[in-house]
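Everything below concerns the one structure shown next.
Computed from the coordinates by the stated procedures, all read-outs in this text should not be read as laboratory data. Every value quoted in this text rests on a predicted model; they were computed, and no experiment measured them. We place every Cβ from the backbone using ideal geometry, glycine too, and count neighbours over all the protein chains shown.
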Amino acid sequence: MMRFKAVVAGLVILIVPIAIFAAGTASHNITRQSLEDKVRGGWAGQMIGVSYGAPTEFRSNAKINESEITWSPERVSNSIQQDDLYVEMTFAEVMDSKGLDATTEQYGEMFRDSKYSLWHANAAARRLLNNGIKAPLSGDPRYNAHANDIDFQIESDFIGLMTPGLPQEANKYAERVGRVMNFGDGLYGGMFFGGMYAAAFFENDVRRVVELGLAGIPAQSRYGRIIRDALDWSAQNPGNWKKTWQLIEDKWDRDDPCPDGALLPFNIDAAINGAYVALGLLYGNRDFGKTIEIAARAGQDSDCNPSSAGGILGVMLGYDAIPDFYKSGIPALADTKFEFTNYSFNGICKSTIERARKVILAAGGKIEGDSITIPNQPPRPPKLEQWNPGVPEKRIGLTDPSWSWKGAWKEEKGRGDDAGIKWKVTEGAGSEASLRFTGSAIIVVGSCTQSGGKADVYLDGKKAGEINAYIVPRTTDNVLWHTYGLKQGDHTVRIVTRDDVDSRSKGKRIAVETAVIFRNP
């Protein structure tokens, strides 16, 4: 019954905004000056939002951040080192160098060779790409256990900024770029954001912007249903964003499949973090400071979320209308290049406007002097795809009797956030680790380094894959091996270490930390 209601409600939302959109004029008109102002507002909003939220990132998980959050304009310089910005510029550079028809594989090739630090779906994708798994398989959950994570969502802003009023064009580019590292809801996060950006160029009502963004993704998806709830509950609780946050928390902050968040307060899922962006927009009501504050106080990935909320609202307001209190630190660094990129603030704005010009013309628009005409293009969702390995049921630590160990395994202390957690570590061939579990999916978690070794994996006595624990520098991924879609029941995983290694590796290290077990819903 709950699924039926969600689908029906979603279908209504798909129809209503499109009907409203279609009932308007046959095209949108914007001056070049206004387009430039809005593009600059979008990039500035991202820079301010990520810098504003940076000190709070993952400091408030599964709870509202009630601590003091301060701002001073010079803090925007933090944005120069932020992955929220420099990663998306990698894909913008592919478009600028290869053209707008660049393929998913071409985006993957440039991403593979990037040198900046990456985590989660991004890190898993770069690791896979460097191991010969090409895009789009690098974002497929058969290979990438982080496929529902936030990564493409926080890198999709540049697509919306180059597709003003053109949500179908935004989805087209999102489909090509997003599959490098994500799938299903992880992909829809980027489409939702792209749709909101596209709408923000011509809409003054933030609620309508969120609705039009929702209309561009499948209503039946988990992502679509959580945004539908955010819209409904915000209408029922005007002026009380914390009540709506709690409703979202109670219903949706559960069963995160990410091995770093499963059965833990940490949640880097695209959908719930996307709902926090929607909260900031819906309750911020076009007030820039209030919008990024709510998106940050909602918690979890609380620098990425105000970055996107600030970017979308920055388009609606335009750069000139963003309060000086927030943007006055930008001119001093407007020609400073973002780390690992060839773009400064001024440079990426210029590049975005040029790409927008090409997209508009290709979509049937016209540019005559300073006058730009953009055809009316209603949102259109892609075909539904979902990935769900099941319900996380248990984390099996190394001292659990379900594990058995043979060979030269030794205990080793963890590092950083893992301080105090033991790894079981071995080097060289012939060591074995076996785990008996009951469930329908498993993720074996460990340590991947530049000294990683190799191992064979057997599931219920049959060869099921291998582990290559080597990983390229500045890439943080802890998934040694995973599988899903098993028959619910008893299974055994056996890991047998090998003597051969990746040619780039400095050692033969295999380190096991834990296993996350899932059951059928």
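Treating each Cα of the stretch 351-418 as one equal point scatterer and applying the Debye formula with no solvent, the log10 of I(q)/I(0) at q = 0.26, 0.27 Å⁻¹ comes out as -1.20, -1.23.
Sequence gap at least 6, Cα distance under 8 Å: using those rules, report the relative contact order of the chain to the nearest whole percent. List each step's numbers first, then the result.
On the way: 1208 pairs, mean separation 104.9, N = 521.
RCO, the chain: 20 percent.
Dividing the helix sum by the residues of the chain, where each DSSP H run of 4 or more adds -39500 (n - 2.57), gives a mean residue ellipticity at 222 nm of -13000 deg cm²/dmol.
Mind pulling up the Rg/Rh value for the stretch 296-416? Radius of gyration and Kirkwood radius, both on Cα. With Rg and the Kirkwood Rh in hand, the quotient comes to 1.18.
Output the pairs from Lys410/Lys463; Lys394/Lys462; Lys424/Lys454; Lys424/Lys463 with a Cα-Cα distance over 20 Å in this structure; if there are none, say none.
Working: Lys410/Lys463 25 Å; Lys394/Lys462 24 Å; Lys424/Lys454 15 Å; Lys424/Lys463 22 Å.
Beyond 20 Å: Lys410/Lys463; Lys394/Lys462; Lys424/Lys463.
Relative intensity of the stretch 391-519 on a log10 scale, I(q)/I(0) at q = 0.14 Å⁻¹, equals -0.57, per a Debye sum over C-alpha point scatterers of equal strength in the absence of solvent. With one equal scatterer per alpha carbon and no solvent term, the Debye-computed log10 I(q)/I(0) for the stretch 360-459 at 0.10, 0.17, 0.24 1/Å reads -0.53, -0.97, -1.41.
In debye, nearest 20: dipole of the chain around its Cα centre with unit charges on the Cβ of K, R (+) and D, E (-)? Can you show the working numbers first?
Values: 60 positive and 64 negative charges, 215 e Å.
Taking the Cα centre of the chain as origin, the dipole is about 1040 debye.
With θ taken as phi - 60° and the Karplus curve 6.51 cos²θ - 1.76 cosθ + 1.60 applied, the whole-hertz 3J(HN,Hα) list for the stretch 474-481 is 6, 10, 10, 9, 10, 8, 7, 6 Hz, x standing for glycine and proline.
With the radius of gyration and the Kirkwood radius both derived from the Cα set of the stretch 97-157, what is their ratio Rg to Rh?
Numbers: Rg = 11.1 Å, Rh = 11.8 Å.
We get a ratio of 0.95 for the stretch 97-157.
Of the listed peptides 425-437, 239-251, 35-47, what is their order by residue-averaged count of other C-beta atoms within 10 Å, with the highest listed first? Don't jump to the answer; show the numbers that get you there.
Values: 425-437: 18.2, 239-251: 16.5, 35-47: 25.9.
Per-residue Cβ counts within 10 Å, averaged per peptide and sorted highest first, yield 35-47, 425-437, 239-251.
Sorting the segments 478-488, 505-515, 318-328 by their residues' average number of neighbouring beta-carbon atoms within 10 angstrom, most packed first, yields 505-515, 478-488, 318-328.
Relative contact order for the stretch 391-519 using alpha-carbon pairs under 8 Å, separation at least 6, rounded to a whole percent? Each step should come with its number before you reach the end.
Values: 346 pairs, mean separation 48.9, N = 129.
Worked out over the stretch 391-519, it gives 38 percent.
Identify, among Ser27, Ile396, Ile150, the residue whose Cα sits farthest towards the positive end of the charge dipole of the chain, taking +1 on the Cβ of Lys and Arg and -1 on the Cβ of Asp and Glu, with the dipole about the Cα centre. The Cα lying farthest towards the positive end belongs to Ile396.
The ratio of the alpha-carbon radius of gyration of the stretch 50-144 to the globular-protein estimate 2.2 N^0.38 Å is 1.35.
Could you order the peptides 264-273, 63-72 from most to least packed, using the average number of other C-beta atoms within 10 Å per residue? Don't skip to the end; give the middle numbers.
On the way: 264-273: 23.3, 63-72: 11.8.
In decreasing order of mean packing, 264-273, 63-72 become 264-273, 63-72.
Among all helices in the chain defined by DSSP H, which have a length of 24 Å or more along the axis from Cα atoms plus a Kyte-Doolittle mean of at least -1.0?
Values: long enough: 2-23 (32 Å, 2.20); 32-53 (31 Å, -0.56); 345-362 (26 Å, 0.26).
Result, helices passing both filters: 2-23, 32-53, 345-362.
The orientation-averaged projection of the convex hull spanning the C-alpha atoms of the stretch 102-253 amounts to 9.5 square nanometres. Sorted from longest to shortest, the spans of the Cα atoms of the chain along the three principal axes equal 73, 51, 44 Å.
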